[in-house]
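Student: I'd like to ask you about the structure that follows.
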Amino acid sequence: QVQLVESGGGLVQAGGSLRLSCAASGSIFSINAMGWYRQAPGKQRELVAAITSGGSTNYKDSVKGRFTISRDNAKNTVYLQMNSLKPEDTGVYYCHVVASRVDYWGKGTLVTVSS
């Protein structure tokens, strides 16, 4: 089993920044992709950003240029630096990890951007 612990959410004004972290622990043999999804009130969960073990990244169009995903393989940790936040970025952010071809999800951390 793999456990994911997220941190870094909170309340911020529009234009501000937050940094999310997600540390994976447990029976980790091979972590492939790591990423962040978000779910806004009344909407489906959507991919925000992902990064492969080789460092290739993928972003939702609306966050390109504002968000940066990175990972520390030695610490099994993925980060999401969020700048120039907008009210539409509000939602619960979930860490997602694929390890040995199994999907794992964090419990989520709330990000609220006020206008």
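Bear in mind that the values in this text are calculations on the coordinates, not laboratory data. Since the model is a prediction, treat every value here as computed from it, not as a measurement. As a convention, Cβ positions derive from the backbone with ideal geometry for all residues, glycine included, and neighbour counts pool all protein chains shown.
Student: Just subtract the alpha-carbon distance of Q13 and L47 from 0.36 nm times their residue separation and send over the number in nm, one decimal.
Tutor: 10.0 nm
Student: In nm, to one decimal, how far is the modelled label at S30 from the one at L110, with both set 7 Å along Cα→Cβ?
Tutor: It works out to 3.9 nm between the two label points.
Student: Something else now. With just the Cα atoms defining each centre, how far is the stretch 1-59 from the stretch 61-90? Give it in Å.
Tutor: Here the two parts' Cα centres lie 8 Å apart.
Student: Within the stretch 20-115, how many Lys pairs sit with Cα atoms under 18 Å apart, leaving out pairs fewer than 8 places apart on the same chain?
Tutor: 5
Student: Something else about it: Using a ≥ b ≥ c from the Cα gyration tensor of the stretch 75-115 (square roots of the eigenvalues), is it rounded, prolate or oblate, where a/c under 1.5 gives rounded and otherwise the larger of a/b and b/c decides, a/b for prolate?
Tutor: Verdict is prolate for the stretch 75-115.
Student: Tell me whether the stretch 5-62 comes out rounded, prolate or oblate; compute the Cα gyration tensor, take square roots of the eigenvalues as a ≥ b ≥ c, and use a/c under 1.5 as the rounded threshold.
Tutor: prolate
Student: What is the packing order of peptides 30-38, 18-26, taking the mean over residues of other C-beta atoms within 10 Å and listing the highest first?
Tutor: Going by the mean number of other Cβ atoms within 10 Å, highest first, we get 30-38, 18-26.
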